[in-house]
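The values are calculated or read from the model by the stated rules, or taken from the named source; none is laboratory data. Note that the structure is a prediction, hence the values are computed from the model and not measured. Here the Cβ is made from the backbone with ideal geometry for all residues, glycine too, and neighbour counts use every protein chain on show. We work out accessible area using only protein heavy atoms, side chains counted, and drop any ligands, DNA or RNA first. Shrake-Rupley method; radii C 1.70, N 1.55, O 1.52, S 1.80 Å.
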Amino acid sequence: MTAADAFIATLDDDQQSEVLLDFTEANATAWSNLPCGSTCRVGIEFSSLTDDQLTAAKAVIEAATGTGADTGYDQITQILAADDYLGETASGYGSGNYYLAFLGTPSTDGTWQLHFGGHHLALNLTYKDGAVEGSTPFFVGVEPTSFAEDGTSYAPLDGMHDAMLSMLESLSDDELTDAKLSESFSDVLLGPDDDGDFPETKEGLQVSELTDDQQALVLAAIKPWVDVADDDTAASVLSGYESDLDDTYISYSGTTALDTQGDYVRIDGPGVWIEFVVQDGVVYTSQVHYHTVYRDHDTDYGGEFTFS
């Protein structure tokens, strides 16, 4: 809460009215993977902030997210860098086109949400009485999948991609047959505006049928998404998903190489829902790019809303 209060203190009254919003379903679900600016998002735009205000805003996000390499805050900063990189080639992209809002009042009691995002990023951390009640939906994508800028190399989703790839590569031919989905996917199934639309029946290969080593790879594949939240929350959530592994299913569509348009992999448990899909490039058309979403059957938006 200290970082949130410090950021709010840098804002004038008009800016505070953009940041401090009601925790309503309409505000909470106002996120997208598209570069659609304020037409699909709420909050204050990064490009409108002074340098000091921007530093304070980023401190809020850093305090709320994980500390691991290529996960949490590090991954978020790389996604912002990727948008700046895209903006050098095509208009409408850039880290200034990201929006931050507090839905409800940041405090150690009551319920509120840290709501942040832009193109290829949606962060929704919901707090209740000072603890994270839900760290989903979390959408993240990247184009290009890797790039270099000012001597620094970036590949913000490689950890997610490689963990899913390792999980799939551990499966036998018979297991791959069981895990194969009949549908094909050009994007994630539960993206923006698809709240609550979980399939009624789980599909694919049940994790209880796998060896201990394979189950460890499933848990390792879940971890990079869970690590978006602060380290203590992430450890607690991952422990819960580990307890549910026997009732969790893994599935895929396309190929298992995860390098071609339509390659898709899913993890679906009693709580956890993760999708990862490969798409053709939009700006860099000779390359692929990634979309992925992490949701929870029970704690999306802290479980505050019921979707039919």
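When all alpha carbon pairs of segment 193-308 are counted in 10 Å bins from zero, the resulting P(r) reads 13, 40, 35, 12, 0 %. Close amide H contacts of VAL283 (hydrogens built in the peptide plane, cut-off under 5 Å, sequence separation of 5 or more or a different chain): none are found. Pairing the Cα long axis of helix 158-169 with the longest principal axis of the chain, what angle in degrees results, from 0 to 90 and rounded to the nearest 10? It works out to around 20 degrees. Under conditions of 20 °C and 1.002 mPa s, segment 14-116 yields 148 µm² s⁻¹ as its translational diffusion coefficient, taking Rh as the Kirkwood radius over Cα pairs in the Stokes-Einstein equation. What the pair-distance distribution of the chain shows, using all Cα-Cα distances binned every 10 Å from zero, is 6, 29, 36, 22, 7, 1, 0 percent.
Put the Cα centre of segment 261-308 next to the Cα centre of segment 1-47 and the gap is 23 Å.
Over segment 58-99, what is the relative contact order in whole percent, taking alpha-carbon pairs under 8 Å and six or more residues apart? All intermediate terms of the calculation are to be shown ahead of the outcome.
Working: 25 pairs, mean separation 9.3, N = 42.
Once divided by the residue count of segment 58-99, the mean separation gives 22 percent.
How big is the gap, in Å, between the Cα center of segment 185-252 and the Cα center of segment 120-148? One Cα centre to the other: 15 Å.
Compute the acute angle (0 to 90°) between the alpha-carbon long axis of helix 212-226 and the principal axis of greatest extent of the alpha-carbon atoms of the chain; round to the nearest 10°. Between the helix axis and the principal axis of the chain, the angle is about 20 degrees. Comparing SER239, SER38, SER91, which has the greatest mean-square fluctuation in the GNM of the chain with Cα pairs linked when under 10 Å apart? Maximum among the listed residues: SER91. Computed from backbone phi, the HN-Hα couplings of segment 27-41 come to 6, 5, 8, 7, 9, 7, 9, 9, x, 9, x, 6, 6, 10, 9 Hz, rounded to whole numbers (Karplus: 6.51 cos²θ - 1.76 cosθ + 1.60, θ = phi - 60°; Gly and Pro given as x).
Less than 5 angstrom separates the built amide H of ALA229 from those of GLY66, all sequence-distant by 5 or more or on a different chain. Scanning residues 5 or more positions from VAL142 or on other chains, those with amide H under 5 Å from its amide H are TYR290, with H placed 1.01 Å from N in the peptide plane. Along segment 108-113 the Karplus relation, 6.51 cos²θ - 1.76 cosθ + 1.60 evaluated at θ = phi - 60°, assigns HN-Hα couplings of 8, 9, x, 10, 7, 9 Hz to successive residues, with x for each Gly and Pro.
Please give the calculated 222 nm ellipticity per residue for the chain, where each DSSP H segment of at least 4 residues contributes -39500 (n - 2.57) and the sum is spread over every residue; nearest 500 deg cm²/dmol?
Working: 9 runs with 96 residues, N = 308.
Rounded to the nearest 500, the figure is -9500 deg cm²/dmol.
With an 8 Å cut-off on Cα pairs and a minimum separation of 6 or more residues, tell me the relative contact order of the chain in percent. Before the final figure, lay out the partial values.
Working: 648 pairs, mean separation 59.3, N = 308.
Averaging sequence separation for qualifying contacts and normalising by length gives 19 percent for the chain.
Computed from label points 7 Å out along Cα-Cβ, the spacing between ASP12 and ALA235 is 4.5 nm.
For segment 164-256, the fraction of 1.4 Å probe accessible surface lying on carbon and sulfur atoms is 41 percent.
Listed by chain and number, the lysines whose alpha-carbon sits under 24 Å from that of LYS128, ignoring those within fewer than 8 places in the same chain, are LYS58, LYS223. Take the Cβ-Cβ distance between LYS180 and ALA220 as r, set R0 to 22 Å, and report the resulting FRET efficiency rounded to the nearest 0.05. Rounded to the nearest 0.05, the efficiency is 0.50. Residue-wise HN-Hα couplings along segment 62-78, as the Karplus relation 6.51 cos²θ - 1.76 cosθ + 1.60 with θ = phi - 60° gives them from phi, are 5, 5, 8, 10, x, 9, x, 5, 6, 9, x, 5, 4, 5, 4, 5, 5 Hz; Gly and Pro carry x.
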